[in-house]
Amino acid sequence: MGWRSLYLTDAHYLDIGINNKRLAITKKGEKTAHFRTEDINFILIDSYNFNITGKALQELAKNHIPLVLSSSIDHMPCLQLSNPYNAHHQIGRIVTAQSKMTQKTKLEFWKRLIGYKIVSQGILIEEKKQHEIMKQQALSAKSTASLLGIEGSWAKYYWGRVVKTNTFTRTPKVYGDPNDSMNSFLNYTYAIIRARISSAIAENGMLPLFSLFHRRDYNPFALSDDLIEPYRWVADKLFSDNEDLLAEHNDMFLTSKHKKLSLTVLHQKVHIPSLKRTFSLDEAIRIGARGLRDAISAGRTQPLEDILCHKPQ
């Protein structure tokens, strides 16, 4: 289980390879840095000025380490590599179970995920009544349309309390508008969580194409967009805890300081009540993906209780 996240920028030309079973990263004109692969849980490269060997990609895939590249235009995470699809010995059975899910079963799973999202966000804003009401409404929803309405009502209530800035809105902005850095930080951090979820899904023998709710026509990671919902609150908390720092930087392009802060999201502590223990978000995502796999294989939603996590009390 890795504990180190690596953030590599375009300050220097980079050579990335394997040396003596360790990841070797060399900046031009500097000494090579070595990292044990078992210590690494995530790599983000914000550069196109690098070279990586096939052996390094193979080792990252074997150890289920997400390697994410950022766009050279807006510097947002845009591509994930080393996402193995032969990581589980029963992949055929698991994917078959995914493909045979009925719409009724998918709705039941989706209601559970949204219910958990509402609970975790309610605990984050220390709201003890409204989130329980909305959770029960979500679990009782008869269709995805009614569930979307419940989720939208909760989101309006939630964002009005998790952010101190009165002018903040969780909507697309244009360059130069207030809160650009805040929305960019959230999007950047969500992208990191989504990449880790995609790897955890593959690690557990599932294909992220087979979704519960999100459309998969043009999205090969639709299941990742489903499973991220109960974990969004961790990015929101990191954002809320550093809101003043982000408000000082009124620009849609994040600084290296902000990006390094985003990477710490995988190391944030979360509590899983069903297991009565606290884990890093990275560990919690792996546990949640395993629970989803078991639920899909068994055709019941009960194992999904391990997906619910909230801030430690």
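Okay, here's what the table says:
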{"quantity": "Odd one out for N41 among (1) modelled with pLDDT of 90 or more; (2) assigned to a strand (DSSP E or B); (3) under 25 Å from H267 (Cα atoms)", "calculated": "(1)"}
{"quantity": "Region 24-56: number of residues that are among the hydrophobic types (A, V, I, L, M, F, W, C), under 22 Å from the mean Cα position of the chain (by Cα) and surrounded by fewer than 16 Cβ atoms within 10 Å (Cβ to Cβ)", "calculated": "0"}
{"quantity": "G2, sole failed condition from (1) surrounded by fewer than 15 Cβ atoms within 10 Å (Cβ to Cβ); (2) modelled with pLDDT under 85", "calculated": "(1)"}
{"quantity": "Answer residue from region 57-81, given it is part of a loop (DSSP other than H, G, I, E, B) and not small (G, A, S) and is nearest to the chain's Cα centre (by Cα) among those", "calculated": "P66"}
{"quantity": "Where a residue in region 139-159 is without any contact (Cβ under 8 Å) to a residue 40 or more places away in the chain and of a type in the set (S, T, Y) and its partner, wherever it lies, is part of a helix (DSSP H, G or I) and surrounded by fewer than 18 Cβ atoms within 10 Å (Cβ to Cβ), with Cβ under 7 Å and at least six apart", "calculated": "Y157/Q130"}
{"quantity": "Cβ pairs under 6 Å, 6+ apart, first in region 54-74 and in contact (Cβ under 8 Å) with a residue 40 or more places away in the chain, second among the basic types (K, R)", "calculated": "P66/R196"}
{"quantity": "Candidates L263, L292, filtered to the one that is over 20 Å from F221 (Cα atoms), in contact (Cβ under 8 Å) with a residue 40 or more places away in the chain and either surrounded by fewer than 19 Cβ atoms within 10 Å (Cβ to Cβ) or not polar (S, T, N, Q) (or both)", "calculated": "L263"}
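So that you can scan it fast, the table gives a plain yes or no per residue for (1) basic (K, R); (2) more than 29 Å from A284 (Cα to Cα); (3) out of contact with any Lys or Arg (no Cβ under 8 Å at 6 or more places or on another chain):
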residue	(1), (2), (3)
S5	no, no, yes
D10	no, yes, yes
G17	no, yes, no
R22	yes, no, no
K28	yes, yes, yes
I40	no, no, no
D46	no, no, no
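The rows are residues; the columns are (1) over 26 Å from I150 (Cα atoms); (2) modelled with pLDDT of 95 or more; (3) polar (S, T, N, Q).
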position: P84; (1), (2), (3): yes, no, no
position: A87; (1), (2), (3): yes, no, no
position: Q90; (1), (2), (3): yes, no, yes
position: I94; (1), (2), (3): yes, no, no
position: T102; (1), (2), (3): no, no, yes
position: K106; (1), (2), (3): no, no, no
position: S120; (1), (2), (3): no, yes, yes
position: I133; (1), (2), (3): no, no, no
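The values are calculated or read from the model by the stated rules, or taken from the named source; none is laboratory data. All values derive from a computational prediction rather than experimental measurement. A quick note on method: Cβ atoms are made from the backbone with ideal geometry, for glycine too, and the neighbour counts reach across all protein chains shown.
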